[in-house]
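Every number in this text was worked out from the coordinates using simple rules, so none of it is lab data. All values derive from a computational prediction rather than experimental measurement.
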Amino acid sequence: MATIKENIQFIQNRIIATAQQCDRDPNTIKLIAVSKTKPTHLIEEAILSGQTLFGENYVQEGTEKIHYFKASLPNTSLEWHFIGALQSNKTKLVAENFDWVHTVDRLKIAQRLSEQRPDHLPKLNVLIQVNISLEETKSGIKPDEISELAREIALLPNLKLRGLMAIPKIVPDYEGQLEIFNKMHLLYQELQHNIAGIDTLSMGMTDDMDAAIIAGSTMIRIGTAIFGAREYN
Ligand SMILES: *Cc1c(COP(=O)(O)O)cnc(C)c1O
């Protein structure tokens, strides 16, 4: 079995190869290691391999891991991304502990995050989640609702709106994946045109990362290909 270090190296090489295919600078594509459900000793292996950006889906679990590494590796600077569904009664821990939130899809959540962000911390980086496949059960806003929510978020004092995020419905074929990601990239460019400081398009997971990079993703979120399969989600 490959080690976590080898898996990360493999993904990094794949980012470089795919970026070259479409004439992109590989340094403009960040890798988030999605460590949800995985124990701290595996995360530590990733950290020792040079990985510094991590994604977590559950507020309590993520917060515990953040505190664990602050205590055990105080000199290692890590960046923690909240990528799970966020209920309004859980925003405080996220505002106090995470560096990024990818799943903002309501003004109320954004307002709470801004109010609860401690003054001694930098602004919380946020992305608006877009329900690009228009699935009824999925979170995220519809494409035509982006500009209004973005304008409102941009006014909140303790948040920094950085861009958009999507989890498209599972499409097995590359062409189908590319079509959805291209739609997201157009929405991203439109937002860049309307609001200053938009520099992040978070899309691409283990099974669709190549199409996401070709379509212009700047942040891919990889779990399975780094840490192995999960027993639950
Ligand atoms: C679990 C998860 C990932 C990682 O998925 P893999 O297919 O394991 O790479 C990425 N993004 C989000 C929002 C997730 O919940």
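Across the range 54-140, C-alpha contacts under 8 Å between residues 6 or more apart give a mean separation that, scaled by the residue count, equals a relative contact order of 26 percent. Structure note, pairs K90/K160; K123/K169; K30/K169; K92/K142; K108/K160; K36/K142: Cα-Cα distances above 24 angstrom occur for K123/K169; K92/K142; K36/K142.
For A85, no residue 5 or more places off, or on another chain, has a built amide H under 5 Å of its own.
Around the amide H of V34, modelled in the peptide plane, lie the amide H atoms of G55, I222, G223, all under 5 Å away and 5 or more residues distant in sequence or on another chain. Note on the chain: GNM, Cα springs under 10 Å; of L121, L107, L187, the largest mean-square fluctuation is that of L121. Dividing the summed -39500 (n - 2.57) terms of all DSSP H runs of n ≥ 4 by the residue count of the chain sets its mean residue ellipticity at 222 nm at -13000 deg cm²/dmol.
Between Q177, Q21, Q12, the residue with the greatest mean-square fluctuation in the GNM of the chain (Cα pairs under 10 Å linked by springs) is Q21. Taking all Cα pairs closer than 8 Å and separated by 6 or more residues, the relative contact order of the chain comes to 20 percent. Near K183, which aspartates and glutamates are there with a Cα under 19 Å away, not counting those fewer than 8 places off in the same chain? Within reach: D105, E135, E136, D144, E145, E148, D173, E175, D199, D207, D208, D210.
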